[in-house]
Amino acid sequence: MDKSVFRVGVTRDFLGPDGTCDLDDIAGPLFDGAGLQWEYISENTPVLQATQVQDYDALLVLGAGITAETLTSADRLKVIARFGVGYDKVDVEACTENGVLLTIAPDGVRRPVATSIMTFVLSLSHQLLIKDRLTRSGGWRNTQNYRGMGLVGRTLGLVGMGNIGKEAFKLAKPFGMRHITSDPYVTPAEAAEVGVELVDLDTLMRTADFVCVCCPLNEETRGLVDERRIGLMKPTAYLINTARGPIVDQKALTEALQNRRIQGAGLDVFEQEPIRDDDPLLSLDNVIATPHSICWTDECFDGNAKSACGSIIDVASGQMPPWIVNGEVTDSPKLQQKLAR
């Protein structure tokens with residue numbers, strides 16, 4: 001294998017059933033223009049194996065997992081570029097130990113996911129799917145029983161106020177809502193700068209008309225919105241999750257929805273994905289469920305592709321890319337040796 005050529009492996013889960021992918025139209029010109037050699041990894045596996053990655057300088061990863069075992073023979077691997085912002089399937093510590101940069105693409109998903117949050121807010125508040133079903137089933141005159149919720153004066157509560165959360169508050173501003181957030185990494189002054197009130201999580205759960213989960217999944221947030229906290233929500237409130245399923249106790253949420261303990265939910269993510277066809281959530285008329293793809297627009301795809309490919313091109317040209325997750329690795333002797341080679 002010629003080590004003088006910078007080689008990029010792209011996970012095969014980008015390809016559709018017919019073996020094609022729009023990524024070719026974006027990544028191809030970018031990589032070719034930078035003089036990089038790229039190809040799809042030979043097999044589509046849930047977790048990448050060591051033999052699949054050992055001959056690459058960079059990986060462009062959609063959904064495949066990266067473990068410590070994946071990196072055991074990654075002597076030339078310098079960067080893993082995630083196509084998106086979630087990296088719960090990547091062993092960050094193992095990346096650092098093996099001198100591998102891990103990058104994400106927040107500039108690609110910021111607006112699309114924030115727009116998705118507002119899509120759920122508007123669809124739920126207007127009972128959009130219920131009214132669609134009434135129209136299709138001859139229930140035109142029953143609409144008086146399905147009055148929606150106006151947004152002026154209501155409270156929008158975001159669990160986490162990172163890039164996506166700030167963008168969601170920005171989009172929601174014209175609707176005349178009160179904005180609150182719970183985020184241990186945000187100060188009251190930082191929240192106030194964007195017109196948001198910082199509160200503790202229990203207060204948010206009690207107060208918000210729309211509880212929107214926007215935080216990353218990690219050991220601190222797994223099960224964060226549990227049975228007790230769901231029990232704090234107002235009976236007229238909605239829960240929206242566009243982040244990761246395991247942040248919310250799905251069993252407790254299902255029971256709350258079944259018993260009309262809360263008004264409804266908009267869910268793009270679930271504890272198990274794909275969600276089972278017989279999952280009780282899917283039989284409820286107060287739930288809008290989408291297959292972890294509500295933000296999957298041309299804008300999102302293009303933005304993620306350009307950001308993730310740009311990170312790889314930066315490394316290939318000897319520069320440190322933006323949006324590095326494991327910043328401490330930049331001083332790693334292992335990484336510096338790889339870059340020198």
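Here are a few things to note about the model shown:
- Put simply, of F169, F175 the only residue that is buried (at least 21 other Cβ atoms within 10 Å of the Cβ) and modelled with pLDDT of 95 or more is F169.
- Residue in segment 50-69 that is of a type in the set (D, E), in the same structural domain as C309 (by TED's automatic domain parsing) and touching a Lys or Arg at 6+ places or on another chain (Cβ under 7 Å) present: yes
- Hey, A256 in the same structural domain as L224 (by TED's automatic domain parsing), crowded, with 16+ Cβ neighbours inside 10 Å and under 14 Å from F210 (Cα atoms) or not: no
- Given (1) part of a helix (DSSP H, G or I); (2) farther than 22 Å from Y238 by Cβ; (3) over 19 Å from the mean Cα position of the chain (by Cα), number of the condition G108 does not satisfy: (3)
- Filter pass, T119 being buried (at least 17 other Cβ atoms within 10 Å of the Cβ), among the hydroxyl-bearing types (S, T, Y), out of contact with any helix residue (DSSP H, G or I) (no Cβ under 9 Å at 6 or more places or on another chain) and assigned to a helix (DSSP H, G or I): yes
- So Y87, is it touching a Gly at 6+ places or on another chain (Cβ under 8 Å), of a type in the set (S, T, Y), assigned to a loop (DSSP other than H, G, I, E, B) and under 17 Å from V100 (Cα atoms): no
- Output for segment 290-341, where each listed residue is among the small types (G, A, S), within 24 Å of the chain's Cα centre (by Cα) and surrounded by fewer than 18 Cβ atoms within 10 Å (Cβ to Cβ): S293, G327
- Residues that are more than 24 Å from C295 (Cβ to Cβ) number at least 3 in the following helices (runs of 4 or more DSSP H) confined to segment 142-251: 188-193, 201-207, 227-230.
- Near pairs, Cβ below 6 angstrom, 6+ apart or cross-chain, from segment 113-130 (on the phi > 0 side of the Ramachandran plot) to any residue that is modelled with pLDDT under 95 and outside any helix (DSSP H, G or I): Q127/Y146; Q127/G148
- Some residue of segment 82-92 being surrounded by 22 or more Cβ atoms within 10 Å (Cβ to Cβ) and more than 25 Å from E273 (Cβ to Cβ): no
- Residue in segment 93-107 that is nearest to E69 (Cα to Cα), counting only those that are of a type outside the set (S, T, N, Q) and crowded, with 24+ Cβ neighbours inside 10 Å: C95
- Selected residue (only one of D285, D268 is assigned by TED's automatic domain parsing to the domain that holds L124 and either in contact with a His (Cβ under 6 Å, 6 or more places away or on another chain) or hydrophobic (A, V, I, L, M, F, W, C) (or both)): D268
- Single condition N44 does not satisfy, out of (1) surrounded by fewer than 15 Cβ atoms within 10 Å (Cβ to Cβ); (2) in a helix (DSSP H, G or I); (3) touching a helix residue (DSSP H, G or I) at 6+ places or on another chain (Cβ under 6 Å); (4) of a type outside the set (S, T, Y): (2)
- Residue match in segment 247-257 (condition: within 25 Å of M149 (Cβ to Cβ), within 20 Å of the chain's Cα centre (by Cα) and β-branched (V, I, T)): yes
The values are calculated or read from the model by the stated rules, or taken from the named source; none is laboratory data. It should be emphasised that the depicted structure is a prediction, and the values quoted were computed from it without experimental measurement. In this analysis, Cβ positions are derived from the backbone assuming ideal geometry, glycine residues included, and neighbour counts consider all displayed protein chains.
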